[in-house]
Amino acid sequence: MKNIVVLTGAGISAESGINTFRDADGLWEGHDVMEVASPQGFAKDKTLVLEFYNQRRRQLLEVEPNKAHFALAKLEENHHVQIITQNVDDLHERAGSTNVLHLHGELFKAQSTKDSSLVYTWKKDITLNDKCPLGSQLRPFIVWFGEDVPMITKAQELCEQADILVIIGTSMQVYPAAGLIDFVKLNTPMVYIDPKPAPIYGKSNLSVLSKTAVEAESDILNIVNLATK
Ligand code: OAD
């Protein structure tokens, strides 16, 4: 039984119908990132930001996990699998993965703007009338640009314990998430699955599969052989 740590990004959910951020049809198109994904943007125009995430949340109610999400869940039959996802969707959980750490928050949660420890399950729109019990506006439970990533230390510790690191569908451009690959042990095999993989330098144990996540379904199921061959 291996301890497999899997870092996922928007690409794994692309074939479920959720746009990635930096591909041509990315979510940010038509939106300045700082307008919809920063505390300053929220302070400037709460309605715009709430509506942006309300649309994402409504879409998430319509889509389903794909074969790559299910393959990762199936790996748990024989291995310990820890997902570290940058995604705010719940498609890993719906596919059956039981150890999922969300680095950048979760769309189906809302958070108090007064006390960040007050977090609520939230599947409908967040409106200007939605307040936490302390009376402050609720916001999407999303880590915005410029904000701390509270789960990063835990994610680093998990990477240190990995026997194999699998990276799926991320442009490796956003830190600190992209820096997690430096926390695995020196000889830990890494497999990076992405149709347009970002260049990663200085990792002698890295195999790259230029495939979509769904195309790589059988590679995911066979990841231990692939990583250790
Ligand atoms: P990006 O949009 O930056 O990168 C998506 C990656 O998915 C690219 O490398 C694509 O080549 C790849 N891709 C596209 N289609 C794919 C498919 N069918 N199968 C597999 N891979 C595919 O998304 P992330 O790297 O996840 O943060 O972006 C990181 C963070 O930037 C996000 O979590 C988000 C954003 O700002 C927050 O919201 C805080």
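Numbers below:
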{"read-out": "GluC sites (Glu not before Pro) lying in DSSP loop within the range 123-229, provided at most 14 other Cβ fall within 10 Å", "value": "E147"}
{"read-out": "Potential lengthening between L48 and R22 on full extension [0.36 nm per residue; Cα-Cα distance subtracted]", "value": "7.3 nm"}
{"read-out": "At 1.567 mPa s and 4 °C, Stokes diffusion of the range 158-229 via Kirkwood alpha-carbon radius, µm² per second", "value": "104 µm²/s"}
{"read-out": "Anchor K124: lysines whose Cα lies under 16 Å away (excluding residues fewer than 8 positions away in-chain)", "value": "K109"}
{"read-out": "Highest-fluctuation residue, F70, F108, F42 considered, GNM on the chain with Cα pairs under 10 Å", "value": "F42"}
{"read-out": "Rh (Kirkwood; distinct C-alpha pairs) - the chain, Å", "value": "18.2 Å"}
{"read-out": "Net charge, S116 excluded, C-beta distance under 11 Å - Lys, Arg +1, Asp, Glu -1", "value": "-1"}
{"read-out": "Among P197, P150, P65, residue whose mean-square fluctuation peaks in a GNM of the chain (springs only between Cα atoms under 10 Å)", "value": "P150"}
{"read-out": "Non-local Lys pairs in the range 134-229, i.e. 8 or more apart or on different chains, that have alpha carbons under 18 Å apart", "value": "5"}
{"read-out": "Area projected by the alpha carbon convex hull of the range 94-181, averaged over all directions, nm²", "value": "7.3 nm²"}
{"read-out": "Listed residues G30, G105, G135, most fluctuating in the chain (Gaussian network, C-alpha, under 10 Å)", "value": "G30"}
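Just so you know, all these numbers are worked out from the coordinates, no wet-lab data involved. This structure is a prediction, so every number in the text was calculated from the model and none was measured. For neighbour counting, all protein chains shown are included, and Cβ atoms are generated from backbone atoms with ideal geometry for every residue, glycine included.
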